[in-house]
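All remarks here apply to the structure that follows.
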Amino acid sequence: MNTTINLTEIRSGKIKDLAGLDLSAMDLSGADLTGANLSGATLRTNLRGADLTGANLTDADCRSADLRGAILADIQGQNLSLAGAFLAGSVLSHLDLTGVDLRGCDLRGATLTGTILIQADLSHTNLSGADLSQADLEEAILNGAILRGTNLTAANLLCAQIEQVIMEGTLLTNTCVEGTSLEN
């Protein structure tokens, strides 16, 4: 790729290899990033309504990004950092987000059905009304999270860290909580 980055070509999906680039200064709201290689890219920007279907976000930095209404289906997201990102209402179902940093995210009403969140850090994350049914949260960190009205039906919370969590109205039907303390 040449050294000049054309925003119009990125937004329209004509440029797919954006690996390692710092795109933080660009407004990528509504961009077509389907199948794009964004591995190692810095995306601390407006991605509201962007289509990231099938994108490679391995090692990408999306801290504090606005991803409300973004499509994140079939992404590759190992070591993805989403700390402080706005993901309210997003669909992150059936993804492998092992070890992902989601500290302080706004995931109100998000759908994470069947998502693998093994060893993910969800500390101080707002998951009010989120659907985490059948999610794998083994050894996940949920300290200080808000789980008000969250659906954790058939989820795996084996050895998860859950301290100082708000759990009013949380659904825990058939949820594995072995090795997890729910006292505080």
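Kindly provide the set of residues from the range 163-183 that are within 22 Å of the chain's Cα centre (by Cα) and closer than 15 Å to residue 130 by Cβ, ordered by number.
Once the filter is applied, which keeps residues that are within 22 Å of the chain's Cα centre (by Cα) and closer than 15 Å to residue 130 by Cβ, the range 163-183 yields 165, 166, 167, 170, 171, 172, 175.
Which condition does residue 76 not pass, out of (1) surrounded by fewer than 16 Cβ atoms within 10 Å (Cβ to Cβ); (2) under 17 Å from the mean Cα position of the chain (by Cα), if it passes all the others?
(1)
Here's the yes/no breakdown for (1) surrounded by fewer than 24 Cβ atoms within 10 Å (Cβ to Cβ); (2) among the acidic types (Asp, Glu); (3) over 26 Å from residue 55 (Cβ atoms); (4) touching a strand residue (DSSP E or B) at 6+ places or on another chain (Cβ under 7 Å):
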residue: 96; (1), (2), (3), (4): yes, yes, no, yes
residue: 99; (1), (2), (3), (4): yes, no, no, no
residue: 103; (1), (2), (3), (4): yes, no, no, yes
residue: 137; (1), (2), (3), (4): no, no, no, yes
residue: 158; (1), (2), (3), (4): yes, no, yes, yes
residue: 168; (1), (2), (3), (4): yes, yes, yes, no
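Residues of the range 72-94 being part of a strand (DSSP E or B), under 18 Å from residue 113 (Cα atoms) and either at pLDDT 90 or above or among the polar types (S, T, N, Q) (or both), which ones?
Answer for the range 72-94, where residues must be part of a strand (DSSP E or B), under 18 Å from residue 113 (Cα atoms) and either at pLDDT 90 or above or among the polar types (S, T, N, Q) (or both): just 76.
Here are some residues: 106, 51. Which one is touching a Phe, Trp or Tyr at 6+ places or on another chain (Cβ under 7 Å) and either among the hydroxyl-bearing types (Ser, Thr, Tyr) or under 23 Å from residue 130 (Cα atoms) (or both)?
106
Is there a residue in the range 40-47 that is modelled with pLDDT of 95 or more, buried (at least 21 other Cβ atoms within 10 Å of the Cβ) and not in a loop (DSSP other than H, G, I, E, B)?
no
The values are calculated or read from the model by the stated rules, or taken from the named source; none is laboratory data. Just so it is clear, the model here is predicted, and its values are computed rather than measured. Cβ: placed from backbone, ideal geometry, glycine included. Neighbour counts: every protein chain shown.
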